[in-house]
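Heads up: the structure comes next, in structure tokens.
The values are calculated or read from the model by the stated rules, or taken from the named source; none is laboratory data. The structure displayed is predicted, hence computed values, not measured ones. Ideal geometry is used to build each Cβ from the backbone, glycine not excepted, and the neighbour counts take in all protein chains shown. Accessible surface is based on the protein model in full, side chains and every heavy atom, while ligands, DNA and RNA are left aside. Shrake-Rupley method; radii C 1.70, N 1.55, O 1.52, S 1.80 Å.
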Amino acid sequence: MAEMPGISPQVARFARWVRDAGFTVYMPSLFGRDGAVAEAEPGETVFRRACISAEFHAFAGKGASPVTQWLRGLARKAHERCGGPGVGAIGMCFTGNFALSMTLEPAVLAPVLAQPSLPLDDPAALESSTEELASIRERLDRDDLTVLAYRFKGDRICRAQRFAAYRQALGERFRDRELPDTSAGQDVAPFFAKHVPWPHSVLTQHLIDARGEPTILARDEILAFFREKLATG
């Protein structure tokens with residue numbers, strides 16, 4: 001699931017890495033123009049529209065975004081079509097917590113949260129309600145599942161307080177990684193240069209595609225996580 005402002009070339013690149021690792025990829029188009037470079041002004045328009053959309057809960061106190069119900073159905077359909085042990089889910093930035101909400105679908109076995117950024121107005125809060133978090137924790141414990149999560153240390157949207165809240169809610173089932181700001185790439189699209197001028201997008205905009213880089217090691221850990229949970233034979 002793409003970050004703001006949509007399925008950029010960098011998001012598509014990550015999807016191809018997952019595909020090349022041997023998996024079938026479903027990449028829902030939730031906002032923005034698919035394949036477009038993240039330009040500053042158009043991207044801001046997409047962001048503002050999403051914040052007031054009935055499908056998304058960008059601010060605290062409303063619980064999980066309604067679109068997560070549709071995403072759970074998509075995961076179920078993908079599992080029916082593709083077979084195997086189950087499916088993985090990656091949410092990025094605006095969609096970060098969506099991957100966690102999707103674990104209430106039994107087919108989802110490998111959730112990954114990349115810089116989960118909702119709610120936007122409370123850095124210590126989580127998008128999921130207390131009741132949903134309890135159900136998620138019950139499901140993780142019952143099926144012996146874990147959640148991977150990534151952020152840059154100096155991220156001003158996905159802050160340390162949010163990961164602390166996840167750890168409190170999910171305990172040892174939450175496996176978080178904090179990357180140093182110095183490991184973030186600087187060659188980013190105009191939307192990020194203007195609106196997110198700090199390390200943020202671990203797997204896309206700020207990823208440095210070079211051997212041994214912390215962002216590449218994060219990518220490789222996710223692919224290994226998928227192989228462990230989802231591969232057949």
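Assess whether Lys77 counts as being more than 17 Å from Phe225 (Cβ to Cβ) and modelled with pLDDT under 95. No. Taking the criterion of being within 20 Å of Gly88 (Cα to Cα) and either acidic (Asp, Glu) or open to solvent by less than 10 Å² (accessible area, probe 1.4 Å) (or both), the residues of the range 102-126 that qualify are Thr103, Glu105, Ala107, Val108, Ala110, Pro111, Val112, Leu113, Ala114, Gln115, Pro116, Ser117.
Count of the range 23-36 residues, restricted to those that are over 17 Å from the mean Cα position of the chain (by Cα) and either of a type in the set (A, V, I, L, M, F, W, C) or open to solvent by 70 Å² or more (accessible area, probe 1.4 Å) (or both), is 5.
Return a yes/no flag: does the range 129-148 have any residue that is closer than 26 Å to Val46 by Cβ, open to solvent by less than 20 Å² (accessible area, probe 1.4 Å) and among the hydrophobic types (A, V, I, L, M, F, W, C). Looking for residues that are closer than 26 Å to Val46 by Cβ, open to solvent by less than 20 Å² (accessible area, probe 1.4 Å) and among the hydrophobic types (A, V, I, L, M, F, W, C), one finds none in the range 129-148, hence no.
Looking across the range 142-171, the residues that are over 17 Å from the mean Cα position of the chain (by Cα) and without any contact (Cβ under 8 Å) to a residue 12 or more places away in the chain come down to Arg142, Asp144, Gln168.
As a summary of the residue check, Arg227 satisfies the conditions (1) out of contact with any helix residue (DSSP H, G or I) (no Cβ under 8 Å at 6 or more places or on another chain); (2) without any contact (Cβ under 8 Å) to a residue 40 or more places away in the chain except for the one numbered (2). Tell me yes or no: at least one residue of the range 192-199 is closer than 28 Å to Pro85 by Cβ and open to solvent by less than 60 Å² (accessible area, probe 1.4 Å). Looking through the range 192-199, none of the residues is closer than 28 Å to Pro85 by Cβ and open to solvent by less than 60 Å² (accessible area, probe 1.4 Å).
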